[in-house]
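Written out below as structure tokens is the structure these notes cover.
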């Protein structure tokens, strides 16, 4: 009896494709590849501080040499490949939940980011990309005048 790998989102793929198509028509922005047969998507957080936008991606078990970060115009792309670590030597898997294969995520970067000062670092399986804001985009306190 052959047990297929568990793919919890398989039933949602048609819905995801339709939503992806709708959002692309409305916003015209690139979306990440679907989670499914083609690959996997790392979990990501996107935050904003006073001085920058920060993207953190969970990439456990990966090496920095297997990750590529590119900024072209206003499109930031993160892609990579997680190699399979399984040794087959006589093992018959009943369940496979760890992801491997390639992934690609793309985000439209706001115009108020200094694209020439983007920084990427990788530590303990977390990729951190820092996109510094331009001076004009930083929040400024405005003093209220009393008459």
From the list 85, 20, 48, 81, pick out the single residue that is exposed (fewer than 12 other Cβ atoms within 10 Å of the Cβ) and either out of contact with any helix residue (DSSP H, G or I) (no Cβ under 6 Å at 6 or more places or on another chain) or at pLDDT 80 or above (or both).
-> 85
Within segment 48-73, how many residues turn out to be in a loop (DSSP other than H, G, I, E, B), in contact (Cβ under 8 Å) with a residue 40 or more places away in the chain and either more than 17 Å from the chain's Cα centre (by Cα) or within 30 Å of residue 134 (Cα to Cα) (or both)?
-> 3
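Restricting to segment 103-134, count the residues that are closer than 30 Å to residue 84 by Cα and free of Cβ contacts under 8 Å to residues at least 40 places away in the same chain.
Counting residues in segment 103-134 that are closer than 30 Å to residue 84 by Cα and free of Cβ contacts under 8 Å to residues at least 40 places away in the same chain gives 4.
Take the residues in segment 54-75 that are closer than 22 Å to residue 138 by Cβ and modelled with pLDDT of 90 or more; name whichever of them is surrounded by the most Cβ atoms within 10 Å (Cβ to Cβ).
Residues of segment 54-75 that are closer than 22 Å to residue 138 by Cβ, as a first pass: 54-56, 71, 74.
Filter again for modelled with pLDDT of 90 or more, leaving 54-56, 71.
Details: 54: 15, 55: 21, 56: 16, 71: 17.
Filtering first and then ranking leaves 55.
Yes or no, residue by residue, for (1) farther than 23 Å from residue 43 by Cα; (2) surrounded by 10 or more Cβ atoms within 10 Å (Cβ to Cβ); (3) within 23 Å of the chain's Cα centre (by Cα):
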position	(1), (2), (3)
96	no, yes, yes
102	no, yes, yes
109	no, yes, yes
118	no, yes, yes
123	no, no, yes
132	no, yes, yes
140	yes, no, no
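Residues that are assigned to a helix (DSSP H, G or I) and under 19 Å from residue 124 (Cβ atoms): does segment 82-105 have at least one? Give the derivation first.
Our first condition is that a residue be assigned to a helix (DSSP H, G or I); within segment 82-105, this holds for none.
Checking segment 82-105: not a single residue is assigned to a helix (DSSP H, G or I) and under 19 Å from residue 124 (Cβ atoms).
The values are calculated or read from the model by the stated rules, or taken from the named source; none is laboratory data. These numbers come from a predicted model, not from an experiment. Glycine also receives a Cβ, built like all others from the backbone with ideal geometry; neighbour counts cover every protein chain displayed.
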